[in-house]
Amino acid sequence: QSVLTQSPSASGTPGQRVIISCSGSSSNIGRNTVNWYQQLPGTAPKLLIYSDSQRPSGVPDRFSGSKSGTSASLAISGLQSEDEADYFCATWDDGLNGRDYVFGPGTKVTVV
Amino acid sequence: QVQLVQSGAEVKRPGASVRVSCKASGYIFTVYELHWVRQAPGQGLEWMGWINPNSGGTHSAKKFQGRVTMTRDTSISTVYMEVSSLRSDDTAVYYCAREGLYGSLGNWGQGTLVSVSS
């Protein structure tokens, strides 16, 4: 079981705005920055957002991230068919084992 | 450009061990930690641990301690991850990934499928 929670699915029509949430606690999201990964079917994950809200070079500005307290969100504006993928939040967790990297269970985004 | 190239698919019997390699290029190998992440069929991403290619120091998730060994060979810019006492639930795609900006995993290998079956 992950220490981060995400809703298992989200959907929208082309052009719509979809928001994916990620909830954690004071030992992870509450004290560390959040990263988001996109995984297209059959491919390796790709970094989409780092440090809560920063986009790596090449990531469209349709993707945006935010964080408040122990929760984070990824917003996809102007949803496109190629955005259909799994999205994972991740952060560092400062627990009894030291500093572990943890992933949320993932949210499957469907473009209907 | 940064590239991480992993070894090929493996099929193993329960109880055996498997070693997956990850060859880095396009950057100074000893500067960035390399992580291992696995994904069972139809499941999410599971972080396994990291290795510091400079010192060889490692840190792994509690569930893998004692069963996973991470090593590196700086002469060929390659890290290795060995899993021992394989079980059927170790069947997964194993990825290496380079830690980068603010502790994110910015570059990933192509993945290595390890199948464990009797």
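The values are calculated or read from the model by the stated rules, or taken from the named source; none is laboratory data. It should be emphasised that the depicted structure is a prediction, and the values quoted were computed from it without experimental measurement. A quick note on method: Cβ atoms are made from the backbone with ideal geometry, for glycine too, and the neighbour counts reach across all protein chains shown. Note: accessible area is taken over every heavy atom of the protein model, side chains too, but ligands, DNA and RNA are not part of it. Shrake-Rupley method; radii C 1.70, N 1.55, O 1.52, S 1.80 Å.
Some observations on this one:
- Test set (1) open to solvent by 70 Å² or more (accessible area, probe 1.4 Å); (2) closer than 18 Å to A:Ala75 by Cβ; (3) touching a residue at least 60 places away in the same chain (Cβ under 8 Å) - A:Thr13 fails condition number: (1)
- Complete set of residues in the range B:82-105 that are free of Cβ contacts under 8 Å to residues at least 60 places away in the same chain, open to solvent by 10 Å² or more (accessible area, probe 1.4 Å) and not in a helix (DSSP H, G or I): B:Thr91, B:Val93
- Odd one out for A:Arg62, checked against (1) at the interface with chain B (Cβ under 10 Å from one of its Cβ atoms); (2) without any contact (Cβ under 8 Å) to a residue 24 or more places away in the chain: (1)
- Matching residues, the range B:41-76, being open to solvent by 30 Å² or more (accessible area, probe 1.4 Å) and at positive phi: B:Gly42, B:Gly66
- Options B:Leu105, B:Leu101; residue that is within 11 Å of chain A (Cβ to nearest Cβ) and at pLDDT below 95: B:Leu101
- Here the range A:84-105 is the region considered, the condition is being open to solvent by less than 20 Å² (accessible area, probe 1.4 Å) and more than 9 Å from every other protein chain (Cβ to nearest Cβ), and the residue that is farthest from the chain's Cα centre (by Cα) is A:Ala85.
- Residue check, B:Pro14 in contact with a Phe, Trp or Tyr (Cβ under 8 Å, 6 or more places away or on another chain), more than 14 Å from chain A (Cβ to nearest Cβ), over 21 Å from A:Pro41 (Cα atoms) and in a loop (DSSP other than H, G, I, E, B): no
- Qualifying residues in the range B:44-62 (those that are within 7 Å of chain A (Cβ to nearest Cβ) and more than 14 Å from the chain's Cα centre (by Cα)) - the one modelled with the lowest pLDDT: B:Lys62
- Tally, over the range B:60-118, of residues that are polar (S, T, N, Q) and closer than 12 Å to B:Gly49 by Cα: 4
- Single unsatisfied condition, A:Glu84 versus (1) in contact (Cβ under 8 Å) with a residue 60 or more places away in the chain; (2) farther than 21 Å from B:Val37 by Cα: (1)
- Residues being among the aliphatic types (A, V, I, L, M) and part of a strand (DSSP E or B) - total across the range B:17-36: 4
- Scope the range B:79-116; condition basic (Lys, Arg) and over 15 Å from B:Arg67 (Cα atoms); matching residues: B:Arg98
A quick yes/no check of all residues on (1) away from chain B (no Cβ under 14 Å); (2) at positive phi; (3) surrounded by 14 or more Cβ atoms within 10 Å (Cβ to Cβ):
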site	(1), (2), (3)
A:Cys22	no, no, yes
A:Ser26	yes, no, no
A:Asn35	no, no, yes
A:Leu40	no, no, no
A:Ile49	no, no, yes
A:Ile76	yes, no, yes
A:Glu82	yes, no, no
A:Thr107	no, no, yes
